[in-house]
Every structure is written in C-alpha cells, then in structure tokens.
1. Write out, first by first residue and then by second, each pair whose Cβ atoms fall under 6 Å of each other, whose residues are 6+ apart or on separate chains, and whose first residue, in region A:147-168, is within 13 Å of another protein chain (Cβ to nearest Cβ) and on the phi > 0 side of the Ramachandran plot while the second is open to solvent by 10 Å² or more (accessible area, probe 1.4 Å) and of a type outside the set (S, T, N, Q).
2. Which number in (1) on the phi > 0 side of the Ramachandran plot; (2) touching a strand residue (DSSP E or B) at 6+ places or on another chain (Cβ under 8 Å) marks the one condition that C:Tyr220 misses?
3. Give region C:204-243 a look and list any residue that's under 19 Å from C:Ser258 (Cα atoms) and not in a helix (DSSP H, G or I), or say none.
4. Could you check region B:43-82 and list, in sequence order, the residues that are at pLDDT below 90 and facing chain C (nearest Cβ under 10 Å)?
5. From the list B:Ala204, B:Ala174, B:Ala256, B:Ala229, exactly one residue is modelled with pLDDT of 85 or more, more than 13 Å from B:Gly24 (Cα to Cα) and assigned to a helix (DSSP H, G or I). Which is it?
6. Could you list, in sequence order, the residues of region B:70-86 that are in contact (Cβ under 8 Å) with a residue 40 or more places away in the chain and not charged (D, E, K, R)?
7. Out of the residues in region C:265-281 that are within 19 Å of B:Gly121 (Cα to Cα) and open to solvent by 70 Å² or more (accessible area, probe 1.4 Å), state the one that is nearest to the other protein chains (Cβ to nearest Cβ).
8. Given the options C:Ala99, C:Ala94, C:Ala107, name the one that is touching a residue at least 60 places away in the same chain (Cβ under 8 Å), assigned to a helix (DSSP H, G or I) and over 18 Å from the mean Cα position of the chain (by Cα).
Amino acid sequence: MPEALLAARAVTVRFGGLVAVDGVDLEARHGELVGLIGPNGAGKTTLFHALSGVLAPDAGRLLVAGEDLTGSAPHVFAAHGVARTFQMPRVFRDMSAEDNVRFALQFAGRTRRHAHDAFDDARTILGFLGLGAASAVAAGALTPARQRLLEIGMALGARPRVLLLDEIAAGLTPAELETCAQLIRRVRDELGVAVIWIEHAVRVLMSHVERVAVLHQGRKIADGDPRAVAKDAAVIEAYLGEEGVGSEGGRERRVA
Amino acid sequence: MGFWLELAASGLITGGIYAVVAIGLNLQYGLMRIMNISHGEFLMLGAYLTWLAHTTFGVNPFALMPAVAAALFLLGLVVYRFCFYRIARTAPSVEVIEARSLLVGFGLMFLVQNVVYLAWGADLRGYSYLAEPVEIAGARFMANRLAVFAFAVAASLLLLALLRWTMIGKAVRAMMQSPTGAQLVGIDTGVLHPLVFGGGLALAGVAGGLLSMVYEISPSMGEPYTITALIVITLGGLGSVGGSLIGGFILGLVEAFGMHFTSPSLKMVLSYGVLVAVLLARPRGLFSR
Amino acid sequence: MSAREQLAATLACGAVLAAAPWLLSDFLLSLALSCLMYAALAVSWAMFCGPTHYLSLATSAFFGLGAYVTAWSLESLPYGVAVLAGGLIGVAFAALIGAAVLHLRGAYFAVITFGLGELTLHLITYTEKTYFHTAGRIISDAPDNAAIYWTVLVLTLGAVATAILVRASRLGLALRGIGADEERAQTLGVDTRRVKILAFALSAFFPGALGAAMAVRWTYIEPLSVFNPFIGFQTVLMAMLGGAHTLIGPIVSAVFFSLVSEFLRLRFPYVFLLLLGLLLIALILYLPGGLASLLRRRGRADA
C-alpha cells in the first residue's frame, strides 16, 4: 500500500469546553477520492481547519507525505501541497476571477512548480471549471455557486497533491451536482491528487467516492466502502432525525 | 504611614477622573466601534462650560454638573446625527467604521479646539473652589480633590448600576456582546446608538467640569486625556465599563507610585510602558478571559 | 500605466523638480521641501497601510528616530551617511515593533503604534536629561538648503519608485491578499507574518531617512518637536484623504494640504485648523474613497 499523502492521527480540537473534533484518524492516499459526511455540527469543517493548518489541533499529529506538520502555519501546509476551499466562499472580492487563481499560482503554486502540468495557468483552470467567460469579472460579483467553483480554481492554482473540498456543491440542482462530481473526478484522475470531499448531498457523494468517513459529535464512527457504511447501524442512528442517508441529493435542506 | 496613604490616595483620585473619561469613550467604542479621538475636546468643552457658568453666575460647580451633562448629551446627539450616523450606515465593514470614525474624530478635534481658541483664546483659565486642606488619618488632602474624587466614583458606580439594572443598560450590554442577537430580540440601534454616543460625551463633559475645579484649563487640555482614556480602556478591556473603572484606578496608582520611586519626568514613560506591556501580554485587556 | 511607464514618469518629474534650487526663492524652496517631505511620508505610509488596511500611527516615531540619528552623529558622519543611517534605524525599529504587534488589528494596532512612538519619545527625553544633561541639541554646520532639497527629492523619488515596484510585485499582491482576507491568503501559501514585517520595515525606511534629512532644518532639536505626533497624524490624513489604495492619491493630497497649510496656518491659525477640521469631516463622510475616487469617477463618466 502506498504511503498516505495526508494523515491525521488522533486529532483533537477543542473550543473552550466543547470538543469539536475528538481523536479522529483520517488518511487519504495518492489518487484517492474520500467522502467526509456527518450531521450538522459533527466537526467536519473543524477537521478541515486542522488539516489545512488554519486551526492547530490540541492533540494528535498531522502528516503530509510522511512529514510531520503539526502546529505549522497554513502557508506551510499550502507549500506542502495541501489546498482547500471554504464552505462560505472566501474569494478576494475586489480582484478578478483570473487574479484570484493567479494569486494561488503566485504563492502556494510557485513553490510547487512542476507538481503537475495539466493546470498551469489561470485561464486553463478557469476554462476547465467553466468560468472562462467570467475571468475578468470581479470575484465578488459572481453568484455564490460560481464563487464556490472559483474556490476550486484557487485550490488548483496552489498545485495541490491533497485537495480538501468543503461543500462546493451547496445549492446546486441535481443535474449541476452531477456535473460538479464529474469535474472532481476528472481533477483526481488527471492530477492524481488525493481528494477529501465534504458534502451534504450524501447520496450523490456516496455514488462517486471510493471510501467514505462519517463523523458524529466530533468522533469518527465509520470509515470504509460507501455501501457498507450506508448499512452501518451507528451511521443510521447518527442520521436519524437528520436527513436520511439515502434521501434525494439536490433537495436536501442545508443549515449554514 | 500618612505619606503612603497620601500617595495612594492621590493615585486613586487621579484614577477616578481617568475612569470617568475612559468609560464614556469605552461605551462608544464598545457599542458602535466609534474610536472618537476628539473625546478629550468634549471634556475640554465641559470644563469651559463649568468655568464660564461658575465665574459668570457664581453657581456651585457641582450643582452645574447635571446641566453640563445635559448640554454635552444634546451636543452628542447632534454630532452623532451629522457624523457617525452616516459612517455607520455607509461603511462596508467594522474595520472601515473604525478607520473613518478615527479620521472624523481628528476633524472634530481640530474643529472644537479651534472654536474654543477663537472664543476664549489660548490663556489658562481657572477659579478657586474648596481649595483648603483637610486632614484624614494623618494625611493631608485638598478638599476639592476629595470632593471631585467622591463625585467621580459616585458617577461611575451610578452608571454601572444603570447598565446593570435598567432596560436601556441591559440593551446596551446585550448589543456589546452580540449585535445581531440583540437586534433579533428587537433592540433598536437607531435609538440606542445616539443615546449612548450622547451619554459618552456627557461623561466627558462631567469629567472636564470636575477637572476645572482642581486644575487650570486651556483649549489644548483635552488631548492628553484622550490618550489616557485609550490607555485605561486598553487596560480594562475594550467595551468593559467595570474594567475601565478598575483600569483608571490602576493607571492612577501606577503613575503615583511609579513617579515616586523613579522620577516625575518618567510619568509618560510609565503610562505608555503600561499600555505597551498590556497590549503585548493581554491584548484583550487585563481582565479578559 | 505599466510599472515601467510609471517609473519613467517619476524619473521625468524628478529631473524637472531637481532644477528648483536654481529657480525658486528661499521661501518657495522651503514650501517645495515641505510638499516633497509629506508626499514621501504619505506614499510610504500608503505602501503598507493602503493595501493591508492597517492603521499605523508610528510615522512620527520613525521620523523622530531618524532626526535623532542626525542630531547624535552629524559631527562625526557626513550628511548623506546620517540620512542613510536614519533610514536603516527606521527599518530596524519597524521590524522590531512589527514582529511584536502586527498580529493586532484595527484600533488596537493604531493605539499601540501610537503608544510605542510616544514611549520612544519619552525614553529619549529621559535619556537625554539623565545621561547627557540636555533638553535638546543644537545642529551646527548644517548643509545648505539646495543640498537638503536634493536629498529630500531623492528620498521622495525613492519612495514613489519603491511604491511602484511593490505594487507591481508579488509583495504587493500578497499585501492586497492580506488586506482582503488574511487567513485566506495564508491558505494560499502566503507567509503573512513575514510579508507584513518585511513590508512594514521597508515602508519605515523613508520616514526614518526623511527625519534624518529634515533634522538639519531645525538647528535646535528636541524630542517634542521631531517626534511630534502631528507629523504622523497629518501623514495618515493626507494618505487616506488622497486614497491610500492608490499611488497618485497620497501624492496629490500631500502637495495640496502642504500648500494650503503653509499659506494659511501662519496667517489665520485658528480659522485654518477649524476649516481643516470641517473639510476633513466632509471628505470622510461624502468622499470616503479619497480624492482619487473623484478622479476615477470623472474618468468613468468621460469614457
């Protein structure tokens, strides 16, 4: 088995008395597409904050391609090829879409030149995402859905080997959701990156990922083949009263 | 013993005034993010009003305090309506509100200071009130300083009580903790903001009036108090009224004892040293959790 | 205009301005000097604070330290070396305080930079009094006015050129990212702490060097006059009124306000400052983007 590109070992994040992420182990390997699901408040986004260096974990270790980066600043994670998107798009609103991607290429992407050649300039990346026509538009003027796409573009500009996607498909119609999933698979196939993907549209997510991990109240309660996880008693229990695991993707309610 | 008591008391007396100056500014900042750098100028206005009324009509300066507070409060409503209301409405972010209110504060500082220069000139003004020594527990104090101290502490405590137990006070505290939450439960910023801004200026005016009973006054007297208020607010925590009260006393004591043990020329070094040390070690104030 | 064209234009302006000492009377030359000084101060302030939205009130501290470098060393060092040393002291001081306080934001940063400036002022006052038994220092054998003017001109051109280069560079891009969303910039690979300290220190070279260059104009130097917080306030006001995110805005407004204040301040001191206050309030309320936004609005209307 190849070495994990990204490995979290017993990672714990606390906010005061609240344990948001509780001793979670998570790995993603070269070319692997991993889903991360869980009810609202399960700690998914907080785990992403830890995986990208935005929040230093209170306990546990973070390894990127075998190198221990625990406690490093976000730019160190970026320099080691960990790129992420934000659930609430955090594009540079006053810069054009193209400059947003170029920003990533100029900093995180610059130290990782020749990491991969497929997406090597801002226009190619925007074209791939279907944002080619909007490249000169100020990022703040794009619709929220397109800002989420631009977030992916910025992450790609960082020339990643690990891509962390946080609800990039929120608010999409079922058809758009399917296109988005195809897009993510293409990125994974062409760049060979490891992808960890959080999405509330659980059914669509499950049909595309090779592996899925489930968080509930900060703990990882399942990790494995999507079909097996869907039948897992603990998972069904966790989702009871929440949206069902098998509910229709596009119409799921989302609480921000 | 008498000497140490005198030293501590003189620190507390200065600190009491510092607290009144700082609480007004802190309320404005805590509630609206208005960093009103012209706070000291309104203090100076309060001092001139007190001086003018006392020397012209011979009214007891303490009896004048409610009138001074009311005058400054009304002025505050006007200033808020014409300056800060527009900033709060048009600024896209809190950072921008802070920056713009700082600059408008500079403008107000130039405006108010020079209006007073034009009206009364640059001379030092003053009057003598209760300027006789009193002896307590072997320590000697000027009667006016004691009276001013008592009034300052009473005013601060009254304000704390108002904030704690009245509806408006509760609304103000709720707004400081969670602006959106408070608006959700129906607190109207359109009423609260001008009210608190006016209240801040009223406190500055009262502090100025109190100072005029003890020191000579001049159009440029305000600036140092703005700085002192900033230091006290930093000590006690932005937005915390009780913190400002304690912060004022701490700064007064540090200055009094520090100057005694080092040298009077180090007064400013001490104040700024305290400011810098606190900002570096506990940027959210001494009493923050 | 591209960065190259901007640099060429700066150089051309510099060549024209260099002739001033032969053409202008002493009064007009000193007027030009104060315009240049404030233009350089405003441009170097806006270099860091414009894109990042930090509100630094440390300019007077850098300026005062520079002036004291001259006061302490002019007898043993040539003027040019003292100016350079003043700039480097500014850089060193900014790097030091930058490392300590750049994690603070908004009003906190404004207050602490101001506090640090005042602390430096009072420490120098105390040191001079206690160890050198002097309240101030007399500057003897100052260079002539033309030499001072050319020095300040070179510094001003240097500040403008540096600002142009920073804006066109990755450093400038990183600063814009930090101003827009610091954490996002970090996740995109910017070492924000290093970038901020670097840019803050770089921008402090000019006020430090200008303090050293202008010190000789005073003949008698005391801490209160060279650390005058008003120098810092005026710089901030000029930069923000001109539009701190632009290159030309701070220059235009620095020249405008220097001229207005030189002409009116001595004649009608109170009325002038009163009007300045009113103007300031009106500008912030009704033209918050600075004078530069007015130009841009007109440009758009023309197009």
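The values are calculated or read from the model by the stated rules, or taken from the named source; none is laboratory data. Just so you know, these numbers come straight off a predicted model, no measurement behind them. Reconstructed Cβ throughout: ideal geometry from the backbone, glycine too, with neighbour counts over all protein chains shown. These area figures cover heavy atoms from the full protein model, side chains too; ligands, DNA and RNA do not enter into them. Shrake-Rupley method; radii C 1.70, N 1.55, O 1.52, S 1.80 Å.
1. Taking only residues 6 or more apart or on different chains, the pairs are A:Arg159/A:Arg112; A:Arg159/A:Ala115.
2. (1)
3. Correct list: C:Trp218, C:Phe227, C:Asn228, C:Gly243.
4. none
5. Exactly one residue qualifies, and that residue is B:Ala256.
6. Of everything in region B:70-86, those that are in contact (Cβ under 8 Å) with a residue 40 or more places away in the chain and not charged (D, E, K, R) turn out to be B:Ala70, B:Ala71, B:Leu72, B:Phe73, B:Leu74, B:Leu75, B:Gly76, B:Leu77, B:Val79, B:Tyr80, B:Phe84, B:Tyr85.
7. Applying the filter and picking the extreme gives C:Tyr270.
8. C:Ala99
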